[in-house]
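Student: Got a structure for you, written out below as structure tokens; questions coming shortly.
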Amino acid sequence: MRLALFDQDRIGLVDGDQLVDVTELLAGPGPYGPAGPLHRHIELGGALPADLSGLPRTPLADARLEAPLPRPGKIVGAPVNYLDHKAEMAYPTSIAELGVFLKANSSVIGPGRDVLLPYRDLRTDQEGELAVVIGRTAHHVPAADALSHVFGYTCLLDITVRSTEDRSTRKSYDTFTPLGPWITTADEVPDPDALDLRCAVAGEQRQHTSTADLIFGVAELIAYTSSVMTLHPGDVIATGTPAGVGPIRHGDRITVDIERIGRLEVGVDGGRATPYAERPGRRVRTAD
């Protein structure tokens, strides 16, 4: 099944071209806090009642979709997890040497929102990725058991400024993690390492791969990450991006399409971008 967040913290079960409002059945009454009601549902075990008759329905076209997890507990990134991306960026190392990194959960936005470019004179790139949503606490989980800890999957854009700062800084600006359009539960995805992924910018396809080409496949990535940090329900792992990253500009539309998962689309707004040299903290104090 596909579970979306819509119209100010309502949970919708996607049924064809409609959303079945299952909020009260899954998360109970609010308020839900910044993590949102779908996060609460995952923490409660993710069960869905069989009888959905009589529940209110909303045309999907009329709903305002939000990020399914507006504030994940943490967002874990997998750097250089496709060999073709390693080659295009001329990286001497891959995830095997680099490990994983963290992105700020405040960087999440939902479908239809805009990525805000921070600087007018630095390149900012799109990176289309499959994202894993954790459903059960995972600590030192073996790869053979890793997929049993997955609640579902969604589309993610890992937006990146090509500056000199650490990865976590360059990827954590507000709006730099578009997520959605919904979570497709794990039972709908028998093999997450065999999904077609495409990413386009301004109508031009830039990225096309199969998740079969991941260096660390989904199970191995979960196993590795859980050996470093405990994963909790509602955490998100971005599995890495293939070759084809490139600059995004004011007015662009970015789409990520992943087989069995869905299609995420956002805009790009550079209207408030400033020169990189004018960023706070640019002056470094030196000893006399």
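Read-outs: derived from the displayed coordinates by stated rules, not from any lab. Since we're looking at a predicted model, the values are computed, not measured. A quick note on method: Cβ atoms are made from the backbone with ideal geometry, for glycine too, and the neighbour counts reach across all protein chains shown.
Student: Suppose every Lys and Arg Cβ carries +1 and every Asp and Glu Cβ carries -1, with no other charges. What dipole size does segment 2-66 come out with about its Cα centre, to the nearest 20 debye?
Tutor: On the way: 5 positive and 10 negative charges, 21 e Å.
Roughly 100 debye, rounded to the nearest 20.
Student: Treating only the Cβ of Lys, Arg, Asp and Glu as charged (+1, +1, -1, -1), what charge dipole size does the chain show about its Cα centre? Round to the nearest 20 debye. Numbers along the way, then the final one.
Tutor: Values: 28 positive and 39 negative charges, 221 e Å.
Charge dipole of the chain: 1060 debye, to the nearest 20.
Student: Still on this structure, please answer the following. Can you give me the Cα centroid spacing of segment 210-288 and segment 5-67 in angstrom?
Tutor: 26
Student: Quick one: net charge around Leu38, please, counting Lys, Arg +1 and Asp, Glu -1 for every other residue with C-beta under 12 Å from its C-beta. Walk me through the intermediate numbers first.
Tutor: Numbers: positive: Arg2, Arg10, Arg40, Arg71; negative: Asp9, Glu43, Glu66.
Every neighbour counted, the sum reads +1.
Student: Quick check on the exposure proxy: order Thr177, Thr225 from fewest to most C-beta atoms within 10 angstrom.
Tutor: Details: Thr177 28, Thr225 23.
Going from sparsest to densest Cβ surroundings: Thr225, Thr177.
Student: While we're looking at this one, here's another question. Given +1 on the Cβ of Lys and Arg, -1 on the Cβ of Asp and Glu, and no further charges, what dipole in debye does segment 82-186 carry about its Cα centre, rounded to the nearest 20?
Tutor: Charge dipole of segment 82-186: 180 debye, to the nearest 20.
Student: Taking the dipole about the Cα centre of the chain, with the C-beta of Lys and Arg at +1 and of Asp and Glu at -1, give me whichever of Val189, His39, Thr175 is farthest to the positive side.
Tutor: The residue sitting most towards the positive pole is Thr175.
Student: Now for a different question. Once the Cα atoms of the chain are picked out, what are the Rg and Dmax in Å?
Tutor: Reported Rg and Dmax, both Å: 18.8, 75.
Student: Another question about this same structure. Relative to a virtual label point 7 Å from the Cα of Glu88 in the Cα→beta-carbon direction, which members of segment 253-281 show backbone nitrogen distances below 20 Å?
Tutor: Answer for segment 253-281: 253-259, 263-268.
Student: Give, as a single signed number, the net charge of other residues whose beta carbon lies under 14 Å from the beta carbon of Pro190, with Lys and Arg counted +1 and Asp and Glu -1.
Tutor: On the way: positive: Arg260; negative: Asp187, Glu188, Asp191, Asp193, Glu259.
Net charge around Pro190: -4.
Student: Rounded, prolate or oblate: which one fits segment 2-66, using the alpha carbon gyration tensor with axes a ≥ b ≥ c (rounded when a/c is under 1.5, else prolate when a/b beats b/c, else oblate)? Show your work: numbers first, answer last.
Tutor: Values: a/c = 1.90, a/b = 1.23, b/c = 1.54.
Taking the square roots of the gyration eigenvalues as a ≥ b ≥ c, segment 2-66 is oblate.
Student: Measure off 7 Å from each Cα along the Cα-to-Cβ vector at Ala96 and Ala194, then give the distance between these two points in nanometres to one decimal.
Tutor: It is 2.5 nm.
Student: Just tell me which aspartates and glutamates come within less than 17 Å, Cα to Cα, of Lys86; anything on the same chain fewer than 8 places away is out.
Tutor: Straight-line reach from Lys86, under 17 Å: Glu97, Asp125, Glu127, Glu129, Asp158, Asp213.
Student: Give me the net charge of Phe6's neighbourhood, meaning all other residues with Cβ under 15 Å from the Cβ of Phe6; Lys, Arg count +1, Asp, Glu -1. Don't jump to the answer; show the numbers that get you there.
Tutor: Values: positive: Arg2, Arg10, Arg57, Arg64, Arg113; negative: Asp7, Asp9, Asp15, Asp17, Asp21, Glu24, Asp62, Glu66.
Local charge sum for Phe6: -3.
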